Every structure is written in C-alpha cells, then in structure tokens.
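These notes concern the structure reproduced below.
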Amino acid sequence: MSKSIINLQSAENQQTLTITPPNTGLSLQGTLQIPGDKSISHRALMLGAIAEGETIIEGLLLGEDPRSTADCFRAMGAKISPLNNEKVTVQGIGLGHLQEPSEVLEAGNSGTTMRLMLGLLASHPDRLFCVTGDASLRSRPMSRVIKPLQTMGAKIWGRNNNSLAPLAIQGQTLKPIHYHSPIASAQVKSCILLAGLMTEGKTTVTEPALSRDHSERMLQAFGATLDIDATTNSVTITGHPELTGQKVIVPGDISSAAFWLVAASIVEGAELLIENVGINPTRTGILEALEMMGANISLENERVITGEPVADLRVKATQLKACTIQGEIIPRLIDEVPILAVAALFAQGTTIIKDAAELRVKESDRLAVIASQLGKMGANITELPDGLEITGGKELNGAEVDSCGDHRIAMSLAIAALRAKGKTIINGAEAAAISYPEFVESLQAITLE
Ligand code: S3P
C-alpha cells in the first residue's frame, strides 16, 4: 500500500487526490474486487420496488447514484433496506402502486435514475411527481425521453420548453407506441419499456445500434413478456405483466474494471487480476478496443450469474498501438472513452475516436473536459466535434487538474498520473464516489514503489 505516492485529502465535501510517482516509476500488482455494476444496480432497485414480494440484491453498488434511486423509490412507498451492506432487500409495492411523493424526488447526479424513473412516473395515473437533480443533471437533455413519452400521452413540464429538470409529471394512462429512437441509448430504451409496463398493449423501441440490454434481461427475469428482434435492434414489451421479486446477484462493473485494465496495460511490469467482472456483450466494447490496441488481457473462469455473463480478467503490461474507434462499438464502450483516451496517450501512433458526440451530454462534456485536463499534463490530444484525436508517445508531466465533477474523469486522470513525471493534483476527486467509492483505496493497495 502506498500512501506516499497516492494521497487523498478531504476538506468539507471536497477531496484532492495527489499522485507522485517515484522517479524510478511505480508498479501495479495484485487482485482486485470491483464494485457492483451501476446500470444493473439501478434496475434491480427499480424493478424490486415495483414487483410483488421481496427482492434480494447481492453485490449492489453502494455508490451515490444507486443511493439516489433507492431514496426516490423509498419516497414512493418501497421499503428498501439501508445501503450499507452489499446485500440489500427491497419489499416491492406491486406494479401501478407507486405513491405520490410528498417531496420533490432528488435524482442527484444520476441520469439513469431520472430517465428510467420518468417512464414509470408518467404511466402512474392520478399522481403528480416532481423530479430534480444536481447542477450537472439539471443541464442534461431530458427531451430524448420526454418527447416519446408525450407521444404515448404523457404530461410532463420542465424548464427550457419541457426539456430540462426540474420536471413535473402528471401521471396518465398511456397508449402504446413503436418508437424509433434516433440515438442508441439504453436510458431512452429502458424509459419507454418501463412506461410500456403500465400500458395496455405492446410498446416497441427500435434503436439504430444495440445499447446495453440489462433492462431486457432483468425485466424478463422478473416476469415481463419481451420480444427481442436482434436483426432490427427492436424490443417489444407487453403491458400489465405480473412482476415477482427475485434474487439478483450484481456482477462487478466493467466500466470500473476499465480503469485497471488501462492502468495495468500502461505501467511497465504491471499485472492485475480483476475478479467477477460483468462481460455482457453489450458492454464489452472496451475489451475489443483494447484488444485492437494489442493489450494483453485474458478472460478466466467465465460463468453466467443471474442471467449476466461474468469472468475474471487478467491484464499484463504491454506496448499498445493506436487504433480507430467508431460506429456500432461506441454505445458498447460509451462510458469508457475517457479512460481509452488515457490508453491512447501511451500507444504508438494516432488514435481516432469518432461518432461519440453523446459524450458531450454525459455527467460533463467529456470530450471537452478530457481534452483540456489531459492537455494540462502535456498530452497530444485534440477535440473533434464527435470525438478525439490522440497521438501517443509524448511524455506526460504532473499538473493540477480538475474532475469537473465527473466521476469517470476523476479516475481517468488518476490513471494518467501514474505515468506522468512529477506530481499531479486532482481536484474534485470526491466525484469518484458516484460509481466507485473505494477507488483510491484500491489504487493504494495495488501500487508498489
Ligand atoms: C446507462 C446508459 C448509458 C450510460 C450510463 C448508464 C444505463 O447512457 O452512459 O452511464 O444504465 O442505462 P445512454 O444509454 O443514455 O448512452
């Protein structure tokens, strides 16, 4: 464990992470358990809340985002045990029985909480709901879910011509639609499918490329009837199913594993074993991209746990080479672009990432923020309208950088700092707790002088 190299200072609600690699460089060795998958954690809490009976969730992510989901559903009547243990129980209240909350629902920093929940709220007749979030979430586009919900008959009001939170939702009986989404977004798809749960008839979503399918898998496990047409990327849900509480075992989050996959690839002599990682094919774009870059990653002990494929990942350092990442792979690695940009800094040649304009409306404008913050460290990185161009091989220098309140930026900068010359100071490091509260502790545990 190395606190002289990796030091975290807290003052009030803010944290500063300082990383000072020794002049001789550092090494990364060990075995890691990563926190539960954020997407699956949200869905397990939500479906548990609206199902009949008890849902037991093991391996839940105890990060800030699932806490927001749990608090919202508690405010609407679900009994959810405290999120202080990875085993959480949810006493469901049954489909259609979400209560009108007496307070504004607070989704915090979590786009998944707000967008998925909107599908459920809009379809609960005779109840009024108000939803808000932090400054980042209040600036993120909600029209992508509000517009299709309005086509189903939903009544939703918000700032900026009904596109930004805070939002007010007057629940209605909705009508089914076939929605052709212009973007491959699991949040949009899931929102409409959840609205379809409460809607008589068949509701279909077609997306231009396949986004993560955790909702489809879990809805089926809870008893919903889904028709999936893989040739057209379409999912159809039949309204008014009987949902029954389940036992859900949440695998480790591949988006969190990604930081270690890149760290061990770029630090000379490193070797890490990351246990129990979800390898759902709609999420493994990061493995394919790193493979294209020549990374040395092997999958061990592959198994299926409650409907989701899982493996242990072994990664060893190697010289990476540049590649081009674009097209249908983008939705399957959408959250990993910041850490892929870090990998590209240590690859031979110029890496191009395209078709990723969606990153501009994540927790921050990730294209602008990663380019500007890595730029401060001397990186050769250029922002494109829909991506990044990164030329590897230039030495990084420690600098004072900022997460801009974005968890994945905070952790990506920390991994870049492992290979920088001198001290890097990362302000806003507390953001990591959104998806990975033990990130710094794990980094200290695997870092050797
Ligand atoms: C998520 C979907 C993705 C992803 C987000 C979580 C989900 O967003 O970026 O972190 O749980 O459905 P989009 O599907 O909107 O791209």
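The values are calculated or read from the model by the stated rules, or taken from the named source; none is laboratory data. What you are looking at is a predicted structure, and each value in this text was computed from that prediction instead of being measured. Positions of Cβ are backbone-derived with ideal geometry, glycine not excepted, and every protein chain shown enters the neighbour counts. What goes into the accessible areas is simple: the full protein's heavy atoms, side chains included, and nothing from ligands, DNA or RNA. Shrake-Rupley method; radii C 1.70, N 1.55, O 1.52, S 1.80 Å.
Scanning region 129-146 for residues that are open to solvent by 60 Å² or more (accessible area, probe 1.4 Å) and touching a helix residue (DSSP H, G or I) at 6+ places or on another chain (Cβ under 9 Å) returns 138, 139. Note on region 321-348: residues that are open to solvent by less than 20 Å² (accessible area, probe 1.4 Å) and of a type in the set (S, T, N, Q) amount to 0.
From the list 330, 297, 274, 254, the lone residue that is β-branched (Val, Ile, Thr) and over 23 Å from residue 432 (Cα atoms) is 297.
Can you pull out the residues in region 400-424 that are among the aliphatic types (A, V, I, L, M) and in contact with a helix residue (DSSP H, G or I) (Cβ under 9 Å, 6 or more places away or on another chain)? Answer for region 400-424, where residues must be among the aliphatic types (A, V, I, L, M) and in contact with a helix residue (DSSP H, G or I) (Cβ under 9 Å, 6 or more places away or on another chain): 401, 409, 410, 411, 413, 414, 415, 416, 418. Listed by position, the helices (runs of 4 or more DSSP H) contained in region 154-245 that have at least 3 residues being touching a residue at least 40 places away in the same chain (Cβ under 8 Å), surrounded by 19 or more Cβ atoms within 10 Å (Cβ to Cβ) and of a type in the set (A, V, I, L, M, F, W, C) are 186-197, 214-222.
For region 249-285, the set of residues classified as of a type in the set (A, V, I, L, M), open to solvent by 10 Å² or more (accessible area, probe 1.4 Å) and over 29 Å from residue 448 (Cβ atoms) consists of 249 only.
Residues that are in contact (Cβ under 8 Å) with a residue 60 or more places away in the chain, open to solvent by less than 10 Å² (accessible area, probe 1.4 Å) and not assigned by the TED database to the domain that holds residue 45 occur in region 297-320; there is at least one. Within region 101-159, the set of residues being within 16 Å of the ligand (Cβ to nearest atom) and charged (D, E, K, R) comprises 115, 134, 140, 144, 147.
Listed here are the residues, each with its yes/no results for (1) part of a strand (DSSP E or B); (2) within 24 Å of residue 222 (Cβ to Cβ); (3) at pLDDT 95 or above.
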{"position": "280", "(1), (2), (3)": "no, yes, yes"}
{"position": "286", "(1), (2), (3)": "no, no, yes"}
{"position": "310", "(1), (2), (3)": "yes, yes, yes"}
{"position": "314", "(1), (2), (3)": "yes, no, yes"}
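Residues of region 390-449 that are modelled with pLDDT under 95 and either open to solvent by less than 10 Å² (accessible area, probe 1.4 Å) or not in a loop (DSSP other than H, G, I, E, B) (or both): 448 alone.
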